[in-house]
Amino acid sequence: MPSLLGYVEREHKLPEHLTFSLAALMALYHGGHLKDGALECLRDGQPYTLRDDAAVLAFFAENDQKPAAELTRMFLSSTDFFGQDLTQVPGLETAVATALKDVLARGMRAVMTERFGG
């Protein structure tokens, strides 16, 4: 978070790639279920396992069915995760929620290609 917050303070705008990376992180954790202290997920038919703080894993497992905007608001406002309420950063909540919604609907590769080329 220091890089994102420092950029916002210096440039008075959101860093495009760092902002998108928050949505990408949320998409990675989306759709999983807790099993043996880890989050078991599935992407394109391939299983993968995420190990992290129990609170982070539980958050995503418990809130998986929430719409992107609500999930984003809950995640970014968690002072337990970030030490501060990131919804207070102007534009961050909307930018992350929009990116997350796009990634969940169209896939990471398509959204990254559209946003960043390649």
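The values are calculated or read from the model by the stated rules, or taken from the named source; none is laboratory data. Model, not experiment: these values are computed from the prediction. Methodologically, a virtual Cβ is constructed for each residue, glycine included, from the backbone with ideal geometry; neighbour enumeration extends over all protein chains shown.
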Conditions (1) part of a helix (DSSP H, G or I); (2) over 19 Å from Arg115 (Cβ atoms) -> Met26 fails only (2)
The listed residue being in contact with a strand residue (DSSP E or B) (Cβ under 7 Å, 6 or more places away or on another chain) and not in a loop (DSSP other than H, G, I, E, B), out of Thr19, Thr49: Thr49
Report the residue count in segment 66-106 for those that are under 22 Å from Ala55 (Cβ atoms) and under 10 Å from the mean Cα position of the chain (by Cα). 8
Select, from Tyr48, Tyr7, Tyr29, the only residue that is under 12 Å from the mean Cα position of the chain (by Cα) and not hydrophobic (A, V, I, L, M, F, W, C). Tyr29
What is the residue count in segment 92-118 for residues that are outside any helix (DSSP H, G or I) and surrounded by 13 or more Cβ atoms within 10 Å (Cβ to Cβ)? 1
Scanning segment 54-91 residue by residue, those more than 27 Å from Glu9 (Cβ to Cβ), in a loop (DSSP other than H, G, I, E, B) and modelled with pLDDT of 95 or more turn out to be Asn63, Lys66, Pro67
